[in-house]
Amino acid sequence: MTARYDALIIGGGHNGLVCAFYLARAGLKVRVLERRHVVGGAAVTEEFHPGFRNSTASYTVSLLRPKVIADMKLPARGWRVVERQISNFLPHDGGYLKLGGGHARTRAEFARFSARDAEALPRYEEALERVAAVLRDMALRTPPNAGGGIRALLAAAAQGRKLAGMPIEAQRDTMDLFVKSARDFLDGWFENDYVKAAFGFDAVVGNYASPDTPGSAYVLLHHVFGEVNGKKGAWGHSIGGMGTITRLMAEACAEAGAEISLEAPVAKLLVDGNRVAGVRLESGEEIAAGIVAANIGPALLYRRLVDRADMPADFARRMDRYKAGSGTFRMNVALSELPDFTVLPGPGEHHTAGIMICPTLDYMDRAYTSARARGMSDEPIVEMTIPSTVDDSLAPPGRHVAALFCQQFAPGLDWDRHREAAADRIIDTVTRHAPNFKAAVIARQIHSPLDLERKFGLVGGDIMHGHMSLDQLWAARPVLGHGDYRGPIRGLYMCGAGTHPGGGVTGAPGHNAAHEILRDRSLLGRLLG
């Protein structure tokens, strides 16, 4: 082996960088191995047409944990996030619905459709916030690990007290959110179809499922525990795109002493007995380390990089069945002008919002069922953001870039054959609401589920590194007995979104995995472990 390190990080996405930062800051000799030519994983900003740049995959910010932001000193390094003027804009056949701009304004908007729903909104937000507050606290805590001895018992007691200490109403809401479908949950709060759709969209984001699928309500909840500039539940745009976040994270890692190697794809985990020995790159170079933290999904790690003989037989079988694959289809388009919506003509605050084409839960259900039947939605779910309305660094003057985050497109379809047709269908879907849109498209960048896998290592295009279903959450993420970021091989750790608390640009898995690694290196950790 040509080099030796205390720890190697597979994958230079944001969680890998966060993990590397904390380890390097603690004095470990750390090297990050990134397959691509640019650091950042799926949180990158790239030029996709001359003069037009955008966040290529991940596109909006809310879930990044404030502790990670502070520890890595991202604002001091120049990071700035701009909040949306309003949260969302939903055009539909009968007009439109806006969310955000303050509680009173949203209630007034709901009252245009349902006085009862306007009255229910504060109670709904309060109920979700009670549960989200617990999730925020748990996000930076290692789940209790089944069979984990004293340490797991202590963690279970501490986290159990948090849950048991919630008011009984909040405990009931928590149960509802974890086991019910998004439709069942929302039907208990609201009566208007457009209002329910405004909240139900979050239940199918990166989730190849219907809003009628049991457990889909949790995915809705997962997207509301974030904050922007101290405002809970808010979403915003990172100036310069998502790549600004990871570029500054890489800067923090370098200052802490971590090395970052680009174009260094890992081919295999090296194991000596039941202990990690290092990795072999695709170039053939072998790098020695007693600690390897994988910031790639469990499906990619255990099906492709780890020899089956090095894993316990039951663990290997369960990784064969680990559920990964989403219906996400991601596009970036360069625009000659802003889309002009029939229901709200002219430029306005709605162009700075998340523009959601998914008017009802029934529409979302049809999108899923048609994708299951024919590989792609007849009428896809589309969220479009136009970040150039708040960030003029992304496009030439008078021009714009738009990100289209679309559902549902079957991960198993032959996307080399169907990607252009799917892109056309998405463009046509937006054009039905904004007739000038198709003609305004100068260029487009297409990421089908297969493209997301090839480019970013997201198996099945799964932006969450695995389904966010009850059997793959918290202490069971990725599998029961390994919910504490430790793999089945001594010295192997997982620090990506396939661990608690799951997907999104949170930094939490990287933070938590680093702290478990450091705990294992401590005397107390060796005694407890």
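Would you point out the residue of the range 47-59, among those that are out of contact with any Gly (no Cβ under 7 Å at 6 or more places or on another chain) and touching a residue at least 60 places away in the same chain (Cβ under 8 Å), that is most open to solvent (accessible area, probe 1.4 Å)?
So in the range 47-59, the residues out of contact with any Gly (no Cβ under 7 Å at 6 or more places or on another chain) come out as 47-52, 56-59.
Those left that are additionally touching a residue at least 60 places away in the same chain (Cβ under 8 Å): 48-49, 51-52, 56-59.
Working: PHE48: 38, HIS49: 58, GLY51: 36, PHE52: 9, THR56: 1, ALA57: 13, SER58: 28, TYR59: 36 Å².
The extreme case among them is HIS49.
Let's see how each residue does on (1) in contact (Cβ under 8 Å) with a residue 12 or more places away in the chain; (2) open to solvent by 30 Å² or more (accessible area, probe 1.4 Å); (3) closer than 19 Å to ASN207 by Cβ:
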| site | (1), (2), (3) |
| --- | --- |
| ALA299 | yes, no, yes |
| ARG304 | no, yes, no |
| GLY325 | yes, no, yes |
| LEU344 | yes, yes, no |
| HIS351 | yes, no, no |
| MET356 | yes, no, yes |
| PRO359 | yes, no, yes |
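Is there a residue in the range 243-256 that is within 23 Å of THR389 (Cβ to Cβ) and open to solvent by 20 Å² or more (accessible area, probe 1.4 Å)?
yes
When ALA410 is evaluated against the numbered criteria (1) out of contact with any Leu (no Cβ under 8 Å at 6 or more places or on another chain); (2) without any contact (Cβ under 8 Å) to a residue 60 or more places away in the chain; (3) closer than 28 Å to LEU458 by Cα, which criterion, by number, is the only one it fails?
Result: ALA410 passes all but (2).
Rundown of residues vs (1) touching a helix residue (DSSP H, G or I) at 6+ places or on another chain (Cβ under 8 Å); (2) modelled with pLDDT of 95 or more, yes/no style:
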site: ARG419; (1), (2): yes, yes
site: ILE427; (1), (2): yes, yes
site: PRO449; (1), (2): yes, yes
site: HIS467; (1), (2): no, no
site: LEU480; (1), (2): no, no
site: GLY503; (1), (2): yes, no
site: PRO509; (1), (2): yes, yes
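If HIS515 passes every condition in (1) at pLDDT 95 or above; (2) over 30 Å from ARG399 (Cα atoms); (3) open to solvent by less than 20 Å² (accessible area, probe 1.4 Å); (4) in a helix (DSSP H, G or I) but one, which one does it miss?
Going through the list (1) at pLDDT 95 or above; (2) over 30 Å from ARG399 (Cα atoms); (3) open to solvent by less than 20 Å² (accessible area, probe 1.4 Å); (4) in a helix (DSSP H, G or I), HIS515 breaks only (3).
Given the residues ARG321, ARG317, ARG366, ARG374, which is the only one that is over 29 Å from ALA182 (Cα atoms), open to solvent by 40 Å² or more (accessible area, probe 1.4 Å) and of a type in the set (Lys, Arg)? Don't jump to the end; show me each part of the working.
Values: ARG321 fails: over 29 Å from ALA182 (Cα atoms); ARG366 fails: over 29 Å from ALA182 (Cα atoms); ARG374 fails: over 29 Å from ALA182 (Cα atoms).
Step by step, each of ARG321, ARG317, ARG366, ARG374 is checked, and only ARG317 is over 29 Å from ALA182 (Cα atoms), open to solvent by 40 Å² or more (accessible area, probe 1.4 Å) and of a type in the set (Lys, Arg).
Under 7 Å between Cβ atoms, at least 6 apart or on separate chains: pull out the pairs that start in the range 307-322 with a residue that is within 16 Å of ARG490 (Cβ to Cβ) and end on any residue that is at pLDDT 95 or above and assigned to a helix (DSSP H, G or I).
MET311/TYR302
Open to solvent by 30 Å² or more (accessible area, probe 1.4 Å), over 30 Å from ARG444 (Cα atoms) and more than 23 Å from the chain's Cα centre (by Cα): does that describe ARG116?
Numbers: open to solvent by 30 Å² or more (accessible area, probe 1.4 Å): yes; over 30 Å from ARG444 (Cα atoms): yes; more than 23 Å from the chain's Cα centre (by Cα): yes.
Judged against the criteria, ARG116 is a match.
Can you confirm whether the range 141-160 contains a residue that is at pLDDT 85 or above, open to solvent by 50 Å² or more (accessible area, probe 1.4 Å), under 20 Å from the mean Cα position of the chain (by Cα) and not polar (S, T, N, Q)?
Yes, the conditions are met somewhere in the range 141-160.
With a cut-off of at least 2 residues that are in contact with a His (Cβ under 7 Å, 6 or more places away or on another chain) and modelled with pLDDT of 90 or more, name the helices (runs of 4 or more DSSP H) lying wholly within the range 191-302. Spell out how you get there, then give the answer.
Values: elements: 193-200, 216-222, 242-256.
Output list reads 242-256.
Please list, ordered by first then second residue, the pairs with beta carbon atoms under 6 Å, 6 or more apart or interchain, first in the range 445-466 and within 23 Å of ASP424 (Cα to Cα), second open to solvent by 20 Å² or more (accessible area, probe 1.4 Å) and among the β-branched types (Val, Ile, Thr).
Listed pairs, sorted by first residue: GLU453/VAL459.
With the condition kept exactly as written, say whether any residue in the range 321-328 is within 23 Å of the chain's Cα centre (by Cα) and farther than 18 Å from THR213 by Cα. Break it down stepwise before answering.
Within the range 321-328, the first condition is being within 23 Å of the chain's Cα centre (by Cα), and the residues that meet it are 321-328.
Next, only the ones that are farther than 18 Å from THR213 by Cα stay: 321-322.
Yes, the range 321-328 contains at least one residue that is within 23 Å of the chain's Cα centre (by Cα) and farther than 18 Å from THR213 by Cα.
Could we say that THR431 is hydroxyl-bearing (Ser, Thr, Tyr), open to solvent by 10 Å² or more (accessible area, probe 1.4 Å) and touching a Lys or Arg at 6+ places or on another chain (Cβ under 6 Å) here? Reasoning before the result, please.
Numbers: hydroxyl-bearing (Ser, Thr, Tyr): yes; open to solvent by 10 Å² or more (accessible area, probe 1.4 Å): yes; touching a Lys or Arg at 6+ places or on another chain (Cβ under 6 Å): yes.
Yes: the conditions hold for THR431.
Taking interchain pairs and intrachain pairs at least six residues apart, which have beta carbon atoms under 7 angstrom, with the first residue in the range 194-219 and open to solvent by 30 Å² or more (accessible area, probe 1.4 Å) and the second of a type in the set (A, V, I, L, M, F, W, C) and in a helix (DSSP H, G or I)?
Listed pairs, sorted by first residue: PHE199/LEU186; PHE199/LEU220; ASP202/VAL219; ASP202/LEU220; PRO214/VAL179.
Within the range 327-342, which residues are more than 29 Å from LEU413 (Cα to Cα) and surrounded by 19 or more Cβ atoms within 10 Å (Cβ to Cβ)?
Residues of the range 327-342 more than 29 Å from LEU413 (Cα to Cα): 336-342.
Passing the criteria: LEU338, PRO339, PHE341.
Can you find a residue in the range 68-79 that is within 27 Å of LEU452 (Cα to Cα), among the basic types (Lys, Arg) and assigned to a loop (DSSP other than H, G, I, E, B)?
no
Yes or no, residue by residue, for (1) open to solvent by less than 10 Å² (accessible area, probe 1.4 Å); (2) of a type in the set (A, V, I, L, M, F, W, C); (3) touching a Ser or Thr at 6+ places or on another chain (Cβ under 8 Å):
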| residue | (1), (2), (3) |
| --- | --- |
| ARG444 | no, no, no |
| ARG454 | no, no, no |
| SER469 | no, no, no |
| VAL479 | no, yes, no |
| TYR485 | yes, no, yes |
| ARG490 | no, no, no |
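Can you tell me which of LEU99, LEU63, LEU90 is modelled with pLDDT of 95 or more and closer than 30 Å to LEU344 by Cβ? First the steps, then the outcome.
Working: LEU99 fails: modelled with pLDDT of 95 or more; LEU63 fails: modelled with pLDDT of 95 or more.
LEU90 is the lone residue from the list that is modelled with pLDDT of 95 or more and closer than 30 Å to LEU344 by Cβ.
Looking at the range 17-28, can you tell me whether even one residue there is part of a strand (DSSP E or B), buried (at least 24 other Cβ atoms within 10 Å of the Cβ) and in contact (Cβ under 8 Å) with a residue 40 or more places away in the chain? Don't jump to the end; show me each part of the working.
Step one: list which residues in the range 17-28 are part of a strand (DSSP E or B), which gives none.
There is no residue in the range 17-28 that is part of a strand (DSSP E or B), buried (at least 24 other Cβ atoms within 10 Å of the Cβ) and in contact (Cβ under 8 Å) with a residue 40 or more places away in the chain.
The values are calculated or read from the model by the stated rules, or taken from the named source; none is laboratory data. Note that the structure is predicted; figures quoted are calculated from it, not measured. Counting neighbours? That spans all protein chains shown, and the Cβs are built from the backbone with ideal geometry, glycine included. Each accessible area value is taken on the protein alone, full model and side chains, heavy atoms only, with ligands, DNA and RNA left out. Shrake-Rupley method; radii C 1.70, N 1.55, O 1.52, S 1.80 Å.
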